[in-house]
Amino acid sequence: MSALGTAIGDLLDSLGAWRLWSLLGWLEIRQRYARSKIGPFWLTISMGVLVGTMGVVYGALFAQKLADYLPMVAIGLVSWGLFSGTVSEGCNAYIASANYIRQVATPRLVYMLQVAWRNLVIFAHNFCIVIVVLIVFGVHDWTTLPLFLPGLALFVLNATWIAVLTGLLAARFRDLPQIVNALLQVAFYVTPILFHGEMLSARHRWIVEFNPLAYLIDVVRQPLMGVATPLSTWALVCVMTVVGWLLALALTGRYHKRIPYWI
């Protein structure tokens with residue numbers, strides 16, 4: 001069987017074991033906030049404070065209208081939390097699950113789906129902030145809201161294939177998680193989360209135009225902001241999804257049997 005066929009088979013087996021990775025992801029969240037009255041909503045409170053503070057401060061610095069700027073920041077920060085959490089935790093997914101991988105014959109990608117599910121649950125908690133902000137400041141165009149769901153699906157798929165790829169490489173090269181976390185910090189400041197492309201001069205517009213993460217943020221944020229996302233953005237994100245998953249699956253299939261020895 002080819003490397004790609006091996007990885008596709010592993011992915012199908014992992015998807016079939018949805019009860020396992022969904023339960024593991026949920027239990028990890030519960031254990032993290034055991035005996036806490038508020039539980040995961042502590043993350044929501046922390047995110048809400050961050051959104052309010054950065055929205056007001058940076059809105060004043062950039063001389064932006066709060067009714068437009070605060071929803072943009074809220075959606076951007078909540079979406080970035082989902083992306084960065086999935087990629088960062090995906091780097092350590094195989095390493096953290098070393099005991100399971102060595103002792104139990106489970107599909108490899110189960111642990112990546114566990115990471116994606118856990119961060120999606122946290123995203124659902126934090127999304128309450130976005131709902132509140134949109135209720136307060138209003139929805140500009142209801143016709144674009146349904147596009148949020150396919151945008152979120154593509155967003156999660158891209159975050160997951162990056163986690164699969166970095167998790168595989170991190171199992172072999174243990175310095176990679178630190179490198180990825182450093183790159184995520186840099187990416188946060190060059191990705192239009194606290195700003196948008198129109199706020200940049202024409203000379204600096206390339207920062208957004210050549211940043212693939214900017215397009216991922218757009219397919220999630222623009223429908224909620226009442227903006228019709230260009231077809232070129234949808235096409236680019238779809239291409240990123242297909243090419244990224246093919247690359248991640250090809251490498252996973254090729255080194256599938258070496259993961260237990262690397263960790």
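Observations on the model:
- Of the candidates 252, 229, 241, the single residue that is outside any helix (DSSP H, G or I) and touching a residue at least 40 places away in the same chain (Cβ under 8 Å) is 229.
- Restricting attention to the stretch 191-205, the residues being assigned to a helix (DSSP H, G or I), farther than 16 Å from residue 71 by Cβ, over 23 Å from the mean Cα position of the chain (by Cα) and not charged (D, E, K, R) number 2.
- Checked against the criterion of being touching a residue at least 40 places away in the same chain (Cβ under 8 Å) and closer than 22 Å to residue 186 by Cα, the candidates 57, 78 yield just one match: 78.
- Residue ID - farthest from the chain's Cα centre (by Cα), chosen from residues in the stretch 59-90 that are of a type in the set (Ser, Thr, Tyr) and farther than 12 Å from residue 126 by Cβ: 69
- The residue of the stretch 186-223 that is nearest to residue 235 (Cα to Cα), among those that are surrounded by fewer than 16 Cβ atoms within 10 Å (Cβ to Cβ) and aromatic (Phe, Trp, Tyr), is 210.
- Sub-7 Å Cβ pairs linking a first residue in the stretch 88-111 that is closer than 13 Å to residue 160 by Cα to a second residue that is among the aromatic types (Phe, Trp, Tyr) and surrounded by 20 or more Cβ atoms within 10 Å (Cβ to Cβ), at least 6 apart or interchain, are 93/111; 110/21; 111/94, ordered by first then second residue.
Coordinate-derived values only; no laboratory data. Remember, it's a predicted structure, so these values are computed and weren't measured experimentally. Every residue, glycine among them, receives a Cβ derived from its backbone with ideal geometry; neighbour counts consider all protein chains shown.
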